[in-house]
Amino acid sequence: QVQLVESGGGLVQPGGSLRLSCAASTSSFSIFAMGWYRQAPGPVRELVASITSGGSTNYAASVKGRFTISRDNAKNTVYLQMNSLKPEDTAVYYCNARLPYQEYWGQGTQVTVSS
């Protein structure tokens, strides 16, 4: 069982920045594909960004150019740097770790973008 603990959420003004962190409780972190998802009020959880074990990244069109996902395998941590935040980025952000036949989720961290 892998535990994922997110941190770094909070309230920020439009145009501001936040960096989310997700620490994983596994020594096999480097082989996991990692992702950040978000869920605004409602049932839909959308992929924001992902990074493979090899470091390849993918972004939702709505965040491309503003958000950056990265990983530090020595610290078992994945990051999401969020710049130029907009009110529509407001959501609970979840960390995801994935292997074939295995998937784990964090508990989520709230990001609110408001003046």
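The values are calculated or read from the model by the stated rules, or taken from the named source; none is laboratory data. None of the values given here were measured: they were computed from a predicted structure. Because the Cβ atoms are built from the backbone with ideal geometry, glycine has one as well, and the counts that use them run over all protein chains shown. To get the accessible areas, we keep the full protein, side chains included, count just its heavy atoms, and leave off ligands, DNA and RNA. Shrake-Rupley method; radii C 1.70, N 1.55, O 1.52, S 1.80 Å.
Odds and ends about this structure:
- Sequentially through the stretch 73-80, phi angles give Karplus couplings (6.51, -1.76, 1.60; θ = phi - 60°) of 5, 5, 9, 6, 9, 10, 10, 9 Hz, Gly and Pro residues having no value and appearing as x.
- Model label sites at residue 62 and residue 5, defined 7 Å from Cα along the beta-carbon direction, differ in position by 3.0 nm.
- Most fluctuating residue given options 49, 33, 61, as computed from a GNM of the chain linking Cα atoms under 10 Å: 61
- Debye, to nearest 20: dipole size of the stretch 15-115, +1 on Lys, Arg Cβ, -1 on Asp, Glu Cβ: 120 debye
- Lys/Arg +1, Asp/Glu -1 at C-beta; the chain dipole; positive extreme among 7, 43, 106: 7
- Probe 1.4 Å, protein heavy atoms only - accessible area per residue of the chain in square angstrom: 52 Å²
- Residue with peak Gaussian network fluctuation, the chain [Cα springs, cutoff 10 Å], from 70, 28, 50: 28
- Rounded to 5, percent antiparallel among DSSP beta bridges of the chain: 95 percent
- Net lengthening on full extension, residue 25/residue 101 (0.36 nm per residue, minus Cα-Cα): 25.5 nm
- The relative contact order of the chain, computed from alpha carbon pairs under 8 Å that lie at least 6 residues apart in sequence, is 37 percent.
- Within the stretch 20-74, all pairs of alpha-carbon atoms sorted by distance into 5 Å bins from zero give the percentages 4, 18, 26, 23, 16, 9, 3, 0.
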